[in-house]
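Structure record follows, encoded as structure tokens.
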Amino acid sequence: MKLYIVVALMLLSLTACKNNDPVADVIYTNAKVYTVNEAAPWEEAFAVQGEKFLAVGSNSEMAAYRGKDTKVIDLGGRFVMPGLVEEHIHPDMGAENLMGILLQPSVMSWQEQAQVISNFAKHNKGSGWITGGTLNWLADNGEEILGSGVPSHYSTLDNIITDRPVMLWDIGGHALLLNSKGMQVLGITAASENPEGGVIVKDAQGQPTGVLRETAANLAYETALKELPRGQALIEHGIKPVFQTLNALGFTAISDVWARYYVLDAYRQMADNNELTLRLRAFISDPIEWMTEEWKQGAREAIANHKDYYRENWLDASGVKFVLDGSAGGQTIIMVEPYEGTTDVHGGPWRNDPAYFAKKFIEYDAMGLTIKSHGVGTQSIRTILDAIESVREKGSILRHSVAHTTFVHPEDLPRFKALNAVAEMSPYFWYPAPGWSIVRGELGDRRLEWVFPFKTLSDQGVNISVGSDWPVAEDPNPFPLIESMITRRVAGGGSEALASEKQRIDLATAVKAFTLGGAYAQNRDDVIGSIESGKLADFIVLDQNLFEVDTYAIHKTQVLQTVVGGKTVFQR
């Protein structure tokens with residue numbers, strides 16, 4: 001009798017312990033889970049409770065977290081990985097293109113693009129600005145819009161629309177094209193002078209062509225923005241469709257890297273209404289980026305009040321964005337050594353004054369603001385590293401980053417690790433795309449070998465993140481980018497590779513850059529970026545195992561399900 005009582009008490013004790021174990025809301029089983037956790041890179045199941053991963057392990061281990069109301073989902077051997085972090089994107093510009101003109105020059109002839117522009121004007125009557133993008137690379141002196149057969153000239157747009165102003169960004173995002181009505185509205189004539197940090201392109205006769213570069217482009221942009229939707233209209237017709245597009249591509253967190261005040265207001269409203277389906281890290285454009293006092297003041301106030309936008313795990317606006325130089329075309333990339341065929345042309349002008357940049361970098365760092373600085377040319381990247389060095393000497397540990405990290409001078413490669421500078425790269429531009437023909441002519445093959453030194457920096461232990469720069473890039477789809485990071489070739493393969501094939505990396509490194517690397521850059525690697533117990537349950541289910549398919553098939557990958565904080569935000 002006594003033995004029976006003892007056994008019964010032991011069973012009751014065991015039951016009580018089991019009942020005290022945490023119970024999962026959902027358990028996902030029979031999967032191939034690539035966790036991006038070095039301690040346990042592959043698992044087959046995981047449990048989710050609320051917005052977090054409760055446990056990760058084997059099917060049998062997850063059974064311990066099953067309760068009477070737990071939902072069990074058998075993934076049937078599907079490949080699962082952490083949600084992707086898009087570390088350089090412009091959702092506001094994407095929204096504007098979706099609400100305005102959306103062009104894809106890589107898959108559309110000029111005739112097709114012209115029809116899109118014409119149809120938009122036909123179905124959206126009015127007298128206000130028509131905006132959007134992207135055109136292929138714009139040239140100077142009225143030369144051809146790359147690959148289009150039409151000139152980089154206002155007459156090209158005049159052949160479509162003459163009765164209302166039009167401005168369209170090119171694929172570099174640092175230049176735009178106006179029609180003659182747009183030039184008239186802005187008062188641009190042969191007598192117009194270049195603004196500081198910008199270029200009003202003129203032909204050999206001194207007449208404006210309609211192409212505006214750098215801060216000159218912002219003059220047109222700021223005028224047009226006053227007419228575009230804000231508030232709820234922007235949320236419903238712009239931001240939500242953009243976020244849905246990104247969720248369908250597997251993104252669960254993004255960095256808005258040129259954030260402006262009213263878009264931040266929209267993000268905060270969405271966060272407060274539980275409408276966000278992406279985690280946001282915002283880098284507010286410094287006032288120097290804007291040309292008129294209205295916009296400068298908006299930037300000042302957003303930076304000063306950045307803490308008002310904070311919503312735990314969802315929205316963080318404690319970052320500032322600078323843009324030191326430009327992009328391919330127009331020689332606005334700033335280089336240490338002069339351009340090919342010259343002895344004293346180093347590119348430019350500086351878009352953001354380097355002395356102002358150095359001063360504000362120290363000031364913002366002291367405020368606890370993380371700084372992301374656009375650097376494409378060797379000199380602009382060196383200037384950014386100098387600024388990071390200046391705050392490291394003062395004891396700063398903030399995760400400042402070089403945006404794009406394109407042409408890195410060999411002498412500056414060791415400085416990334418020494419300064420703990422994040423190298424954020426843009427694989428979309430790795431393809432041997434038409435834009436590289438412009439770059440090759442301006443900088444020569446020798447310096448093309450310096451482009452995107454992914455493997456060198458990765459081998460040195462530098463923290464690396466990835467961003468598409470969409471809609472400056474045509475497509476934010478990450479899977480062609482992951483493939484190109486491995487092959488340095490166009491998606492699907494090709495005979496031509498981007499210069500310096502020695503900078504190829506392996507798949508695990510590419511995936512880490514798109515997950516834990518992005519999380520680190522966002523200062524969120526303690527809560528996202530890998531599938532681990534206690535982290536936020538952000539993950540994606542794919543239609544193929546990236547580690548089993550042929551490398552040249554990675555670009556075909558489709559997302560079947562995207563989950564953010566335990567909630568499904570996309571299901572194919």
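The values are calculated or read from the model by the stated rules, or taken from the named source; none is laboratory data. Since the structure is predicted, the reported quantities are computational estimates derived from the model, not experimental observations. Reconstructed Cβ throughout: ideal geometry from the backbone, glycine too, with neighbour counts over all protein chains shown. All accessible areas refer to the heavy atoms of the entire protein, side chains included, with ligands and DNA or RNA removed. Shrake-Rupley method; radii C 1.70, N 1.55, O 1.52, S 1.80 Å.
With a ≥ b ≥ c the root eigenvalues of the C-alpha gyration tensor of the range 113-205, is it rounded (a/c under 1.5), prolate (a/b larger than b/c) or oblate? The shape class here is oblate. The Rg/Rh ratio of the range 318-414, with both radii computed over alpha carbons and Rh defined as the Kirkwood radius, is 0.99.
Each Lys and Arg contributes +1 and each Asp and Glu -1, all at the Cβ; summed about the Cα centre of the chain, the dipole is approximately 1360 debye. Once backbone amide H atoms are built at 1.01 Å from N, residue 35 has 42, 43 as its partners under 5 Å, excluding neighbours fewer than 5 places away on the same chain.
Taking 24 Å as the straight-line reach from the Cα of residue 226, the lysines in range (excluding those fewer than 8 positions away in the same chain) are 122, 125, 181, 240, 296, 321. Each of 545, 511, 522 was placed along the dipole of the range 511-550 (beta-carbon charges, centred on the mean Cα), and the one lying farthest toward the positive end is 522.
Beta bridges per DSSP, both residues in the range 56-173: antiparallel share near 10 percent. For the range 559-572, 3J(HN,Hα) computed residue by residue from phi via the Karplus equation (6.51, -1.76, 1.60; θ = phi - 60°) reads 8, 8, 7, 10, 10, 10, x, x, 10, 6, 10, 8, 9, 7 Hz, glycine and proline entered as x.
One decimal place: the segment residue 547-residue 207 gains 116.8 nm when fully extended, by the rule 0.36 nm per residue minus the C-alpha distance. For a label point 7 angstrom out from the Cα of residue 269 toward its Cβ, which stretches of the range 225-243 have the backbone nitrogen within less than 13 Å? Label zone hits: 229-240.
Legend: calculated FRET efficiency, residue 293 to residue 232, from the Cβ-Cβ distance at R0 = 25 Å, rounded to 0.05, equals 0.40. Listed options for Rg and Dmax of the Cα atoms in Å are [x] 25.3, 110; [y] 27.7, 99; [z] 26.4, 89. The value calculated from this structure is the one marked [x]. Projecting the Cα atoms of 309, 37, 235 onto the dipole axis of the chain, where Lys and Arg carry +1 and Asp and Glu carry -1 at the beta carbon, places 37 farthest toward the positive end. Electrostatic tally near residue 531: other residues with Cβ closer than 10 Å to its Cβ, Lys and Arg +1, Asp and Glu -1, net -2.
Solvent-accessible surface of the range 360-491, taken per residue with a 1.4 Å probe and all protein chains present: 29 Å². Label positions at residue 150 and residue 111, each projected 7 Å from the Cα along the C-beta direction, are separated by 1.3 nm. In this calculation the C-beta distance from residue 158 to residue 507 is compared with R0 = 41 Å, giving a FRET efficiency of 0.25. With both bridge residues required to lie in the chain, what share of the DSSP beta bridges run antiparallel, to the nearest 5%? If we restrict to bridges inside the chain, about 45 percent are antiparallel.
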